[in-house]
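Nothing in this text is a laboratory measurement; each read-out follows from the coordinates by a stated rule. Being a predicted model, the structure only gives us computed values, none of them experimental. For neighbour counting, all protein chains shown are included, and Cβ atoms are generated from backbone atoms with ideal geometry for every residue, glycine included.
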Amino acid sequence: MTQTKVLISGAGVAGAALAHFLHRDGFDVTVVERAPGLRGSGYAVDFRGDAFDVLAELGVLDEIRAHDTKMLGTTLVDADGTEAGQLPAEAFAGELEVPKPELTRILHRITEPHIRYVFDDSITTLTQHPDRVTVEFERGAPRDVDLVIGADGLFSKVRRLAFGPHEQCLRHLGMSGAGFTADNILGLTHRGVLRTTDGAAVYAFSAADPARMSVSLSFATDAPTLDRRPRSEQEHAIRDAFTGHKWIVPQLLDAMAAADDFYFSSSAQVHLDTWSNGRVALVGDAGYCAAPTAGMGTSQALIGARSLARHLTAAGDHASAFAAYEAELRPYAEANQQTGREGAAAFGARTE
Ligand SMILES: Cc1cc2nc3c(=O)[nH]c(=O)nc-3n(C[C@H](O)[C@H](O)[C@H](O)COP(=O)(O)OP(=O)(O)OC[C@H]3O[C@@H](n4cnc5c(N)ncnc54)[C@H](O)[C@@H]3O)c2cc1C
C-alpha cells in the first residue's frame with residue numbers, strides 16, 4: 001500500500017509532535033522549517049492537563065521533567081521595586097515548566113532519525129487538486145503531496161495561502177512585549193519578579209543558569225502589532241512605553257539593546273471559522289492561537305497534534321479526519337482563548 005505523503009510546515013512544538021505520531025502510524029512525513037536551525041528563545045513554557053499524557057505517549061515525559069525550571073514563586077513589586085506581594089509558582093509555571101529550547105530540542109531529537117527535515121525553506125504556493133496538493137518552495141524543488149499541515153505558528157504561511165490574509169483572522173489583544181536574557185542583577189534563584197505599573201509590565205526570572213535572568217518587558221497598546229517590523233521599531237516602542245520608569249528599568253533597557261537573543265511578540269489570537277480547507281489543515285498556534293497570556297499554547301499544540309494524528313489514522317479519508325479533529329478540539333481551544341483574553345485584561349491590555 002502506498003504511504004500517505006504529508007508535508008508539515010513548521011518544526012515547532014505542534015509540527016514535531018505531529019510528525020512523530022504520523023510517522024509512527026505509517027505516514028510518509030516531511031517537515032519544512034523556515035529557520036536555518038532549531039530556534040531558541042529566553043522564555044519558558046509550561047504544561048497542563050492532558051499535555052502530560054501526550055508527553056508520555058511521545059516517550060519524553062521523564063526527560064522533560066529533568067528540565068523543570070523548579071520555580072518557587074514570583075514576587076510582586078511596586079514602581080520602585082519594594083515588595084508588594086507573592087504569587088505561587090503555579091501562577092506562571094503551571095504543573096511543569098521548562099525552557100522552550102529544551103522542549104524543541106527533545107522533540108527534534110526523537111523525530112530526526114525518521115523524519116525528513118528541511119530547514120531554511122518555506123512554502124510559497126499551494127495548488128490543490130482533487131487527489132493531491134502541488135507545493136512550491138522558496139528554495140527546494142516543487143513536489144506533490146497528499147496533505148499539507150500548517151504548524152507554522154501565529155503568522156502561519158500555510159494559513160495565509162489556504163485561508164486568507166492575516167488581518168482576517170488575527171485578533172490583537174492590546175498587549176505587546178520584548179523578551180531577552182540579561183545578567184541576573186536581581187540575584188534571582190528559581191524565582192520571578194513582576195512589576196506592573198501604568199500599563200507596562202516587567203517580568204524577570206532566573207532558573208537553569210544562575211548568572212542570567214530572562215526578562216520580558218510588555219506594554220498595553222492599541223497600535224497594530226509590530227511583530228513583523230524591524231527590531232529598531234520594536235525597541236523604540238518598548239522605550240516609549242517605559243519612558244520615565246525607574247527601579248532597574250534603565251539597566252534593563254540597556255541590556256535589551258545589547259541582547260543577541262531579543263524577540264518581540266504580541267498577545268494575539270487566531271480565529272477561523274474552519275481549521276481545514278480541502279487537503280490543507282492547521283494545528284497549534286497557526287489554527288487557534290490562544291495568546292501567551294493563556295499559558296496554554298504549548299499544551300494545546302501537543303494535544304492538537306495528537307488529536308489530528310489520531311483522526312487521520314482512524315478515519316478513512318482526510319475530510320472526515322479533519323472534521324472530527326476540529327469537532328473534538330474546538331471547545332478546548334475556545335476555552336483557552338477565553339483564558340488568553342482574561343489574562344491580557346488582567347495585565348492591563350488595551351482591549352476594544
Ligand atoms: C513570549 C511568549 C511566552 C509564552 N509563554 C508560554 C507559556 O508560558 N506557556 C505556554 O504553554 N505557552 C507559552 N507561549 C506560547 C507557546 O510558545 C506557543 O503557543 C507554542 O509554541 C505553539 O506551538 P506551535 O508549534 O503551534 O508554534 P511554534 O512553537 O511557534 O512553532 C512554529 C514553527 O513554525 C516555523 N515557521 C514559521 N513560519 C514558517 C514558514 N513560513 N515556513 C516554515 N516554518 C515556519 C517557526 O520558525 C517555528 O519553528 C508563549 C509564547 C510567547 C511568544
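A compact table of results
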| item | result |
| --- | --- |
| Amide H contacts of Arg212 (H built 1.01 Å from N, under 5 Å, at least 5 apart or other chain) | Asn184 |
| Acute angle (nearest 10 degrees) that the helix 100-111 long axis makes with the longest principal axis of the chain, alpha-carbon atoms | 20 degrees |
| Beta bridges by DSSP in the chain, antiparallel share as percent, to the nearest 5 | 70 percent |
| The chain - mean residue ellipticity at 222 nm from DSSP helices (-39,500 (n - 2.57) per run, n ≥ 4, rounded to 500) | -10500 deg cm²/dmol |
| For segment 157-283, alpha-carbon Rg relative to the globular expectation (2.2 N^0.38 Å, N residues) | 1.25 |
| Cβ-Cβ FRET estimate between Thr243 and Thr2, R0 fixed at 41 Å, reported to 0.05 | 0.10 |
| Counting all C-alpha pairs of the chain, share separated by more than 25 Å (%) | 53 percent |
| Nearest 10 degrees, 0 to 90: helix 13-24 Cα axis against the chain principal axis | 30 degrees |
| Three-way shape label, segment 114-232, alpha-carbon gyration tensor, a/c 1.5 | prolate |
| D (Stokes-Einstein, µm²/s), Kirkwood Cα radius, segment 131-179, 1.567 mPa s at 4 °C | 98 µm²/s |
| Long-range amide H partners of His67 with built H, under 5 Å | none |
| Likely footprinting exposure, Leu55, Leu7, Leu76, Leu161, fewest C-beta neighbours within 10 Å first | Leu76, Leu161, Leu55, Leu7 |
| Taking Ile110, Ile185, Ile115, Ile8 and counting other C-beta atoms within 10 Å, the order from fewest to most | Ile185, Ile110, Ile115, Ile8 |
| Rh by Kirkwood over Cα pairs, then Stokes-Einstein D for segment 196-236 at 1.002 mPa s and 20 °C, µm²/s | 174 µm²/s |
| Cα extents of segment 73-149 along the three principal axes, largest first (Å) | 62, 30, 24 |
| Glu136-Glu95 pseudo-label distance in nm [points 7 Å out on the Cα-to-Cβ vector] | 4.7 nm |
| Karplus (6.51, -1.76, 1.60) ³J(HN,Hα), θ = phi - 60°, over segment 150-160, in Hz, Gly and Pro reported as x | x, 10, 9, x, 3, 9, 3, 6, 4, 5, 5 |
| Diffusion constant of segment 270-352 at 25 °C, which comes from Stokes-Einstein with the Kirkwood Cα-pair radius and 0.890 mPa s, µm²/s | 185 µm²/s |
| Tilt relative to the chain, helix 297-314 - C-alpha long axis, 0 to 90 degrees, to 10 | 10 degrees |
| Dipole of the chain [Lys/Arg +1, Asp/Glu -1 at C-beta], most positive-end residue of Leu308, Phe219, His129 | His129 |
| Amide H within-cut-off set for Ala84, under 5 Å, with H built and near neighbours excluded | Leu76, Val77, Asp78 |
| Rounded if a/c under 1.5, otherwise prolate or oblate - segment 166-213, Cα gyration tensor axes | prolate |
| Fewest-first ranking of Ser216, Ser320, Ser122, using other Cβ atoms within 10 Å as the exposure measure | Ser320, Ser122, Ser216 |
